[in-house]
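A.B. asks: Quick one: the structure is below, and I'll ask about it shortly.
The values are calculated or read from the model by the stated rules, or taken from the named source; none is laboratory data. In this text, all values refer to a predicted model and were calculated from it rather than measured experimentally. All Cβ positions, glycine included, derive from the backbone under ideal geometry; neighbour counts span all protein chains shown.
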Amino acid sequence: MSNIIKQLSIFVNNEPGRLAYISSVLKECNVNMRAFNLAESTEFGILRTIVENPDDAYDKLKAKGIIVKKTDMIGVYLDDTPGALFQSADALGKANINIEYGYAYSYNDKAIFFIRVDDPEKAVDVIGKQGIKMVSESEI
């Protein structure tokens with residue numbers, strides 16, 4: 001059971017209808033997104049997403065000519081209460097692990113925070129020692 005989760009970063013041209021096209025390809029390839037974040041710049045956007053079967057999804061998207069990249073992430077369960085992020089963020093900061101970006105979604109009475117850090121293996125160790133429950137790849 002791995003606590004390193006693969007995220008797909010899908011490059012989306014910043015033009016009308018392009019996200020709809022990418023979404024149709026995801027649907028056609030039977031890719032189910034569990035969480036996602038859409039960020040934009042002047043020329044393009046990046047659809048960062050956690051999906052079921054990321055290796056299969058990656059291969060299918062590449063075969064369709066979609067520019068896609070895999071990135072290692074970690075997922076942390078948080079209580080759905082004020083201040084719940086502090087324990088994880090504080091532990092990572094004290095271990096000199098940088099949080100590059102993250103995004104969250106609610107799941108039942110919990111929040112799940114997917115985090116891109118500069119050292120995922122070390123982050124898994126640090127978070128585990130804090131007794132914080134992590135999302136395993138098999139739970140996606």
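A.B. asks: Would you please name the residue that is farthest from GLU139 (Cα to Cα), looking only at residues in segment 1-57 that are part of a strand (DSSP E or B) and of a type in the set (Lys, Arg)?
C.D. replies: Ranking the qualifying residues of segment 1-57, first place goes to ARG48.
A.B. asks: Hey, another quick one. Among the listed residues ASP90, ASP72, which satisfies the condition of being at pLDDT 95 or above and assigned to a helix (DSSP H, G or I)? So that I can check it myself, show each step before the final result.
C.D. replies: Working: ASP72 fails: assigned to a helix (DSSP H, G or I).
So the residue among ASP90, ASP72 that is at pLDDT 95 or above and assigned to a helix (DSSP H, G or I) is ASP90.
A.B. asks: Could you please let me know if GLU121 is charged (D, E, K, R) and either under 21 Å from ASN53 (Cα atoms) or in contact with an Asp or Glu (Cβ under 6 Å, 6 or more places away or on another chain) (or both)?
C.D. replies: The answer is yes for GLU121.
A.B. asks: Take the residues in segment 30-57 that are among the charged types (D, E, K, R) and touching a residue at least 40 places away in the same chain (Cβ under 8 Å); name whichever of them is nearest to VAL12 (Cα to Cα).
C.D. replies: Only one residue tops the list, namely ARG48.
A.B. asks: Residues to consider are ILE115, ILE66; find the one that is in the same structural domain as PRO54 (by TED's automatic domain parsing) and either modelled with pLDDT of 95 or more or not in a helix (DSSP H, G or I) (or both).
C.D. replies: Numbers: ILE115 fails: in the same structural domain as PRO54 (by TED's automatic domain parsing).
When all the criteria are applied, what remains is ILE66.
A.B. asks: Something else: Return the only residue of LYS64, LYS69, LYS27, LYS60 being within 25 Å of SER2 (Cβ to Cβ), basic (Lys, Arg) and free of Cβ contacts under 8 Å to residues at least 60 places away in the same chain.
C.D. replies: Selected residue: LYS60, the only one of LYS64, LYS69, LYS27, LYS60 that is within 25 Å of SER2 (Cβ to Cβ), basic (Lys, Arg) and free of Cβ contacts under 8 Å to residues at least 60 places away in the same chain.
A.B. asks: For segment 105-123, name all the residues that are surrounded by fewer than 17 Cβ atoms within 10 Å (Cβ to Cβ), closer than 23 Å to SER9 by Cα and not hydroxyl-bearing (Ser, Thr, Tyr).
C.D. replies: ASP118, ASP119, GLU121, LYS122
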